[in-house]
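Below: one structure, written as structure tokens.
The values are calculated or read from the model by the stated rules, or taken from the named source; none is laboratory data. If you're wondering where the values come from, they're calculated on a predicted model, not measured in any experiment. Every residue, glycine as well, gets a Cβ built from its backbone with ideal geometry; the counts of neighbours run over all protein chains shown. Ligands, DNA and RNA are excluded from the accessible area calculation, which covers all protein heavy atoms including side chains. Shrake-Rupley method; radii C 1.70, N 1.55, O 1.52, S 1.80 Å.
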Amino acid sequence: MNMTSFILYFSMKVLIIEDDVQLNFAISEFFKIKAFDTVSIKDGLDAIEQIDNEHFNLYIIDINIPHINGLDLLKYIRKTDLHTPIIIITASLEIQNLSTAFENGCNEYIKKPFHL
């Protein structure tokens, strides 16, 4: 197996759910440069479709996204997947949101703005 095949075979798949177009693009490009297979979504309804139809190795979810918020997506994922890491990104400092995220299986959170 050559190196390209090795990377493609073992490539991690990341679902990025962020409604800020520029931030979504920046995060996606960062992971692509690191040889991750990325899928970028801007709202909760599209995210549900992706979650139901594909396997991901990492989720990066903004709390405040259209249609279905990030906390509800977190709960949805954890109903069937207890192990895949989920990172919540948020501009909010509301302790209740962060507490709810961790109570429902969030592995880590990142406060916006942040540097990749």
task = Work out, step by step, the length gained on full extension between residue 93 and residue 54: first 0.36 nm times the residue separation, then minus their alpha carbon distance; give nm to one decimal.
result = 10.9 nm
ask   = With all protein chains present, how much of the accessible area of the chain (probe radius 1.4 Å) comes from carbon and sulfur, to the nearest whole percent?
value = 57
inquiry  = Which residues does the label zone of residue 12 cover in the stretch 24-59, counting backbone N under 19 Å from a point 7 Å along Cα→Cβ?
reply    = 24-41, 51, 54-59
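Provide the per residue accessible area, probe 1.4 Å, for the chain, rounded to a whole number of square angstrom. Before the final figure, lay out the partial values.
On the way: 6950 Å² over 116 residues.
Ligands and nucleic acids excluded, the result is 60 Å² per residue.
Looking at the stretch 4-89, which chymotrypsin sites (Phe, Trp or Tyr not before Pro) are in a loop (DSSP not H, G, I, E or B) and have at most 10 other Cβ atoms within 10 Å? Before the final figure, lay out the partial values.
Details: sites: 6, 9, 10, 25, 30, 31, 36, 56, 59, 76; in loops: 10, 36, 56.
In loop regions of the stretch 4-89 (DSSP not H, G, I, E or B), the sparsely surrounded chymotrypsin sites (Phe, Trp or Tyr not before Pro) are 10.
Expressed in whole Å with the largest first, what are the equivalent ellipsoid semi-axes of the chain derived from the C-alpha gyration tensor as the square root of 5 times each eigenvalue? Provide the component values of the computation, followed by the final result.
Values: eigenvalues 114, 52, 34 Å².
Rounded to whole Å, the semi-axes are 24, 16, 13.
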request  = Report, in debye and to the nearest 20, how large the dipole of the stretch 26-116 comes out about its Cα centre when Lys and Arg carry +1 and Asp and Glu carry -1 on their Cβ.
outcome  = 280
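Applying a 10 Å radius around every beta-carbon, put 15-24, 102-111 in order of their mean neighbour count, most first.
Details: 15-24: 18.5, 102-111: 14.8.
Packing proxy ranking, top to bottom: 15-24, 102-111.
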